[in-house]
């Protein structure tokens, strides 16, 4: 081998930045690395180490304090903080304490949820090999893998995890398992001058290699960098911000109106500030982030019972809305184990004969994937009574076949061989006569993505007789086809993503009814596909993708997200980690690597993918609970805000006090946490936040609540001539009772009785309203109203609840045309509208 002597030197920054190492010849590689294949000296290695850094993945750490403080930044926290400042300004210290407590509790809950999420970079880091055999100062010695530098000479052998990206030197070919990096289901053969990547596993052979990439500059490191730089904002977080913005805008408009009127009226500044405090507290959905988070946390515990672990709570909402699932093939849709297919037999040969010969030419103790697949598949033709093998010749990359010498019971000796189909065919004397038929069989298997093995055995005369061809493939999991069919029924399109060749992917995709429109990722190399409308459309239309690398998976997810899809990604290997992190919902399947689990939002502990369907159903139930609460919270905020504002503007009357507002917040928002346990039916289509619908339904119910409140105000002041303090107590009780009744209307899209509420929700509402009633009856923090008036308020609120429930049905049909198909397509719009009122 060429051994050019080049003076030792530290690689330049330009050298380290190169990413085309695998395209260089060995001499070019030596020149660029300023090294020789004799290894480095210790002094030179130390200089390079100081320049390149350790052979490990760097991690950008965020301060825990800053992470916690980030939960006090944003529209909703700002409003809560303003309320706290206003309460301090008017010296309402009880209100200040309560508001501050709610703010801190919300931040602690959010921080703790995110803190529980796994660290993908740490998991990727742990996957690197711990040790290496390195030639330093002319001697082979063990060193920690983190101390490797470009230019080092290493030795790798059976069972090793490759410690860095390296170029193989002269020697026998080796078998390498790089499925965790590239998704290829079969071990690949690497020979002299081929590149081998950090994190791949040596399955057969031993050789020396020249290191050219370490740490972040390895194939593995680039994968880790994609995970680290991937940051997404969930649709849940966006929805909460939109709701907060909506309420903030309304609050600001109403406060400005009140302040302007107060200035013209000459109201006292302290009283005006007090009202601003009350209105601000009423406007803030203080408990909304907490209630939604608790709802998802409870759902996460339910999913955990089904062996589904949620590491990022917001991913539950993403799972409910997922409409595209990009699924890794190897180890996810397939078993990640070689299996024998139905063999091709030459004339006069039986299946038992070819399996028996192949089994004799295999050896279990070598733990070779192909040998194990053959021995497992051949169990049906023998019960351990195979002849004793007198001599076995293992696979030789040069001869490309194995061979066994054995003796039959009658004393005759025979040989059996398996290996590359054309090599096996060449053993036979009549090879030319068999060539056409034999080659056609191999082509047929190749088109289906199968790997072919030729099998031959000697006859009584010692002449080789070709028996046929054995196909090997990685079969689908038993539950994959059913899972994909169910996913499609639920409105979730499944796209297969694999590092294997197109033929292999197309065969599996066809068996699973995914579709056979597979895109070869090779086309991405020549095109900036992220900015190509044609490529983007190909990605959206494809049933799957073949020969995909981690960068491709990441950008496939990115393009689908850019085109408006909520994307899920399942996977199990290091190669899947970037896409798992980037996806709206990353799902690590059973048996996934630590890197995949840490990058994922959801980790499946049970084998197979059927649990994904269960998780989707549960996620959609959780989403409906969150949606119901959001409508309830906006409606309640809207009705209280508008009622108070109009009361001040029109009647110059404060309908409730600051203490009453705080009591409403504590009792109502505290009890509503039980909605996390409510009974709901999951939707058969992906769930998405429909903000116009949410705000529309909320506004209708809010306006109805304002009308009801003014109706009670009219009766109290004009009909019964009650004093202002008693009116405030009555209105407080009405707002409390009617507010909690609203949740029973918003929790269903149909009539309130269509789905029975959970016992926990009923008990929580009844319990808090008993407390609210007792406070009003006996006058705690307010004027007492007595049991008779309290009973009348309950009847009044109940009557309006029935009206509100019917208004809700009408609102759904008006704001969501898909909710109810037009009954009379030939009728006029008025008839259609009226039909909705009478249903």
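The values are calculated or read from the model by the stated rules, or taken from the named source; none is laboratory data. All figures in this text were calculated on a predicted structure; none of them were measured in a lab. Virtual Cβ from ideal backbone geometry, glycine too; neighbours counted across all protein chains shown.
Considering only the stretch 744-757, I want to know if a residue exists there that is part of a helix (DSSP H, G or I), in contact (Cβ under 8 Å) with a residue 40 or more places away in the chain, over 30 Å from residue 816 (Cα atoms) and in the same structural domain as residue 805 (by the TED database).
no
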As an exercise: evaluate residue 463 against (1) modelled with pLDDT under 90; (2) under 23 Å from residue 362 (Cα atoms) and give the number of the one condition it does not meet. (1)
Filtering the stretch 463-479 down to residues that are touching a residue at least 40 places away in the same chain (Cβ under 8 Å) and not in a strand (DSSP E or B) yields 474, 475, 477, 478, 479
Kindly indicate the residue of the stretch 480-502 that is in contact with a helix residue (DSSP H, G or I) (Cβ under 6 Å, 6 or more places away or on another chain) and part of a helix (DSSP H, G or I) and also modelled with the highest pLDDT among those meeting that condition. 486
With the structure loaded, tell me whether residue 260 is at pLDDT 80 or above and either under 38 Å from the mean Cα position of the chain (by Cα) or surrounded by fewer than 20 Cβ atoms within 10 Å (Cβ to Cβ) (or both) or whether it fails that test. yes
Which condition number does residue 722 fail, the rest of (1) outside any helix (DSSP H, G or I); (2) within 23 Å of residue 634 (Cα to Cα) being met? (2)
Of 74, 53, 39, the only residue that is in contact with a strand residue (DSSP E or B) (Cβ under 7 Å, 6 or more places away or on another chain) and either surrounded by 14 or more Cβ atoms within 10 Å (Cβ to Cβ) or modelled with pLDDT of 65 or more (or both) is 39
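Evaluate the following for residue 731: is it closer than 29 Å to residue 777 by Cβ, part of a helix (DSSP H, G or I) and either touching a strand residue (DSSP E or B) at 6+ places or on another chain (Cβ under 8 Å) or assigned by the TED database to the domain that holds residue 259 (or both)?
Taking the combined requirement at face value, the residue satisfies it.
So if I check each of 386, 345, 405, which one is more than 46 Å from the chain's Cα centre (by Cα), farther than 25 Å from residue 204 by Cα and outside the structural domain of residue 171 (by the TED database)?
Of the residues listed, the single one that is more than 46 Å from the chain's Cα centre (by Cα), farther than 25 Å from residue 204 by Cα and outside the structural domain of residue 171 (by the TED database) is 386.
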Of (1) touching a residue at least 60 places away in the same chain (Cβ under 8 Å); (2) surrounded by 18 or more Cβ atoms within 10 Å (Cβ to Cβ), residue 491 satisfies all except one. Which? (2)
Filter the stretch 770-787 for residues that are within 12 Å of residue 663 (Cβ to Cβ) and in contact (Cβ under 8 Å) with a residue 60 or more places away in the chain; which is farthest from the chain's Cα centre (by Cα)? 782
Counted residues in the stretch 318-354 being in contact (Cβ under 8 Å) with a residue 60 or more places away in the chain and more than 26 Å from residue 552 (Cα to Cα) come to 11
Considering every residue within the stretch 156-169, establish whether at least one is farther than 30 Å from residue 335 by Cβ, surrounded by fewer than 21 Cβ atoms within 10 Å (Cβ to Cβ) and at pLDDT 85 or above. yes
Elements of type strands (runs of 3 or more DSSP E) in the stretch 366-449, at least 3 residues being in contact with a strand residue (DSSP E or B) (Cβ under 7 Å, 6 or more places away or on another chain) and surrounded by 20 or more Cβ atoms within 10 Å (Cβ to Cβ): 401-407, 413-419
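How many of the residues in the stretch 598-614 are surrounded by fewer than 24 Cβ atoms within 10 Å (Cβ to Cβ) and either in contact with a strand residue (DSSP E or B) (Cβ under 9 Å, 6 or more places away or on another chain) or farther than 11 Å from residue 320 by Cα (or both)? Please lay out each step first, then the result.
Just the residues of the stretch 598-614 that are surrounded by fewer than 24 Cβ atoms within 10 Å (Cβ to Cβ), to begin with: 603, 605-608, 610-611, 613-614.
Narrowing further to those that are either in contact with a strand residue (DSSP E or B) (Cβ under 9 Å, 6 or more places away or on another chain) or farther than 11 Å from residue 320 by Cα (or both): 603, 605-608, 610-611, 614.
Going through the stretch 598-614 one residue at a time, the tally reaches 8.
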Only one of 612, 603 is in a strand (DSSP E or B), at pLDDT 80 or above and either in the same structural domain as residue 177 (by the TED database) or farther than 30 Å from residue 258 by Cβ (or both). Can you tell me which? 603
Matching residues in the stretch 134-164 - criterion: being touching a helix residue (DSSP H, G or I) at 6+ places or on another chain (Cβ under 8 Å) and not in a strand (DSSP E or B): 137, 147, 149, 150, 151, 152, 163, 164
